[in-house]
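In what follows, a structure is listed as structure tokens, so that the remarks can point back to it.
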Amino acid sequence: MVKVAHPAMLQAIAAGKKKNDRVDARKIADLLRCDYFPECHMASREIRDRRRVLRYRNLLVRQAVQMKNKVSGLLMEAGVPYNQQKVHQKMPPSMPELLRLSRSTVEVLTGMQRQLIRALESDVLLAARVERLASIPGVGRVVALTWALEMGDISRFGSVKKAVSYCGLCGAEKSSGGKTERTPISKQRNKHLQTMLIEAAKLAPRWNAELALVYERAKQKGNRNRATLAVARKLVAYLMAVDREERPFDTQLRVASNAA
């Protein structure tokens, strides 16, 4: 049987001044013998293969955004205001060619990422689950796909708090001398889920009245960033409720997520 260790936890357990392959092997053998081996969750091969496609799609989106920003920079360097209808007027001789190349690159990247999303949406393994998750007001197809592929088997999370921690939507807690201190958002998280949920939380209040209320309440107590995190945590509760019950979002699931 092959076991995969959690790298951060294993490093904390087996840290020492003397480090080589023989010492590492002895430490790992001792951890396995004492049942202290910090095992890491491994998703199924089917999920990992589809997750790789989604992450590649996200890479294409980032590259397309970078290219669009570069086009805006070229226009600013030439002193030309950005206008899609008059993009080739009053420019230096080299500018139209650069803009044509940039535009063709953006179109290719956009077409590729849309093709990948369509393939994932129609996948038999994901179609029903994505359809249920997308029934939540404020949750789109890309967010639903990211949740399904990055979370994997939802039963491995015993509570909403554990899922929130995995998504990187809370800070670490340090307690000493009877004092508890909350640190900024931890770096030990699933960065793909964290990024997608935070971006979704910025737009979700426009489509979901309850999330808009959560945002306003949190904003009154803190600032916009904290309010966005509060919305993202609420989205996690909604997504967990839909995933556990395996049915579309409705009033009863809303009550269950509020209780969680």
Can you sort Val65, Val242 by 1.4 Å-probe accessible area, starting with the largest?
Val65, Val242
So, for the stretch 175-222, what is the accessible surface per residue at a probe of 1.4 Å, expressed in square angstrom?
76
Where a Cα-Cα gap under 20 Å defines reach, which lysines qualify for Lys18, not counting those fewer than 8 residues away within the same chain?
Lys27
As a test of the definition: which semi-axes, in Å, follow for the chain when you take the square root of five times each eigenvalue of its alpha carbon gyration tensor? Largest first, please.
38, 27, 22
Percentage of interatomic Cα-Cα distances in the stretch 111-217 larger than 19 Å
56
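Report, to the nearest whole %, how much of the accessible area of the stretch 149-260 belongs to carbon and sulfur atoms, 1.4 Å probe, protein only. Display every interim value, and only then the final one.
Details: 3310 of 6830 Å².
Taking all protein chains in place, the stretch 149-260 shows 49 percent carbon and sulfur surface.
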Provide Asp21, Asp123, Asp49, Asp243 ordered by accessible surface of protein heavy atoms (probe 1.4 Å), highest first.
Asp21, Asp49, Asp123, Asp243
In the stretch 109-260, lysine pairs closer than 20 Å at Cα, eight or more apart or cross-chain:
16
Over the stretch 171-214, volume per residue of the alpha carbon convex hull, in Å³
88
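Determine the sum of side-chain charges near Leu101: Lys and Arg each +1, Asp and Glu each -1, restricted to other residues whose C-beta is under 14 angstrom from that of Leu101.
+2
The values are calculated or read from the model by the stated rules, or taken from the named source; none is laboratory data. If you're wondering where the values come from, they're calculated on a predicted model, not measured in any experiment. Here Cβ is always computed from backbone atoms with ideal geometry, including for glycine, and neighbour counts include all displayed protein chains. Quick note on the areas: whole protein, heavy atoms, side chains included, nothing else; ligands and nucleic acids left out. Shrake-Rupley method; radii C 1.70, N 1.55, O 1.52, S 1.80 Å.
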